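Below you'll find the structure, written out as structure tokens, and then a few comments.
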């Protein structure tokens with residue numbers, strides 16, 4: 001009888017499983033660590049362009065050029081609504097004669113309308129005055145900080161097809177009507 | 001014919017490990033890990049939002065910078081977490097300049113100028129202002145006017161970023 005090779009030596013090898021426990025341990029440690037250090041809320045800052053007079057003590061601040069050519073576009077927030085004005089004139093509401101942008105019926109401010117009007121002004125003054133990026137904000141004493149910040153947002157940029165375009169990014173704050 | 005159980009298998013005591021299939025879990029973890037590493041910022045929190053106030057939210061994209069920290073909470077005006085003036089007193093006082101705040105800021109400014117002379121750390125007059133979102137403009141403008149007159153004209157307002 002011919003020699004027959006052992007059947008035991010030719011059995012198919014069992015699939016070798018990788019030991020995943022060290023890797024699991026790693027993951028279990030790393031993920032909570034990263035989760036705990038992740039910043040849930042992003043913080044940003046709004047840079048302000050001061051009216052020149054307030055920074056008088058510092059050297060190196062540039063003096064205003066010929067003020068003749070400045071438009072001095074100003075947004076004034078009052079309890080009735082938002083006024084827009086320039087060095088020459090106040091833009092009154094053609095319908096009511098009151099604030100340029102009256103409040104909404106529910107008492108909130110109409111920032112989208114403000115944005116639209118500023119886009120309109122921006123296109124009209126293009127190439128004209130020197131300060132086509134600057135805007136002055138002032139408010140009545142009781143106006144909250146959030147409203148001021150929202151007005152700055154409305155004045156900073158406008159969106160076309162989800163792309164931000166520059167509007168009046170240089171914001172100055174004035175204590176005009178306290 | 002009736003089924004007869006195998007005699008060999010009956011005495012089979014070789015360990016038949018019930019292995020947990022971890023592959024799908026590993027996939028999940030790997031994706032989460034990569035995602036978290038991507039969003040991980042090495043800068044950390046440069047500005048710690050203070051207690052007792054809610055910052056306003058804004059669509060602004062500018063990242064925060066380190067600067068002298070002026071906090072206007074509901075009760076206190078603080079410079080680098082040291083209270084210097086009470087908000088309710090500030091509201092009542094006439095004029096734009098808050099004297100105690102001005103003194104404190106000038107102290108920091110002179111310290112910074114000394115640092116500039118000795119170690120060359122440039123004094124830029126930068127200050128970050130954290131205010132509660134309900135802070136009236138009257139108080140805010142007083143704080144800002146005081147900063148402006150006290151050698152800190154470069155003000156930044158700290159806000160929460162929100163999606164537009």
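The values are calculated or read from the model by the stated rules, or taken from the named source; none is laboratory data. Because the structure is predicted, anything quoted here is derived from the model rather than measured. All Cβ positions, glycine included, derive from the backbone under ideal geometry; neighbour counts span all protein chains shown.
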Worksheet item: Which residues, counting only those in region A:134-178, are part of a loop (DSSP other than H, G, I, E, B), farther than 19 Å from residue B:53 by Cβ, touching a residue at least 40 places away in the same chain (Cβ under 8 Å) and at the interface with chain B (Cβ under 9 Å from one of its Cβ atoms)?
Response: A:140, A:174
Discussion item. Against the condition closer than 15 Å to residue A:134 by Cα, surrounded by 11 or more Cβ atoms within 10 Å (Cβ to Cβ) and modelled with pLDDT under 80, how does residue A:42 come out, does it pass?
Written reply: no
Worksheet entry | Candidate set: region B:148-164, residues that are on the phi < 0 side of the Ramachandran plot and in a loop (DSSP other than H, G, I, E, B); chosen: the one nearest to the other protein chains (Cβ to nearest Cβ) | B:153
Discussion item. I'd like to check which helices (runs of 4 or more DSSP H) are fully inside region B:1-111 and have at least 1 residues that are at pLDDT 80 or above and surrounded by 14 or more Cβ atoms within 10 Å (Cβ to Cβ).
Written reply: B:23-39, B:87-92
Practice prompt. Exactly one condition in (1) at pLDDT 80 or above; (2) on the phi < 0 side of the Ramachandran plot is not met by residue A:81; state its number.
Written response: (2)
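Yes/no per residue for (1) at the interface with chain A (Cβ under 7 Å from one of its Cβ atoms); (2) outside any strand (DSSP E or B); (3) crowded, with 23+ Cβ neighbours inside 10 Å; (4) free of Cβ contacts under 8 Å to residues at least 60 places away in the same chain:
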| residue | (1), (2), (3), (4) |
| --- | --- |
| B:115 | no, yes, no, yes |
| B:124 | no, yes, no, yes |
| B:138 | yes, yes, no, yes |
| B:141 | yes, yes, no, yes |
| B:146 | no, yes, yes, yes |
Item to complete: Taking the options A:70, A:93, A:110, name whichever one is surrounded by 13 or more Cβ atoms within 10 Å (Cβ to Cβ), modelled with pLDDT of 80 or more and away from chain B (no Cβ under 14 Å).
Response: A:110
Practice prompt. For residue B:134, state whether it is out of contact with any strand residue (DSSP E or B) (no Cβ under 7 Å at 6 or more places or on another chain), closer than 20 Å to residue B:83 by Cα, part of a loop (DSSP other than H, G, I, E, B) and within 9 Å of chain A (Cβ to nearest Cβ).
Written response: no
Fill in: Residues satisfying the stated conditions in region A:1-23, i.e. closer than 30 Å to residue B:20 by Cα and assigned to a loop (DSSP other than H, G, I, E, B)
A:11, A:12, A:13, A:14, A:15, A:16, A:17, A:18, A:19, A:20
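Kindly establish whether residue B:102 is in contact with a strand residue (DSSP E or B) (Cβ under 9 Å, 6 or more places away or on another chain) and within 13 Å of another protein chain (Cβ to nearest Cβ).
no
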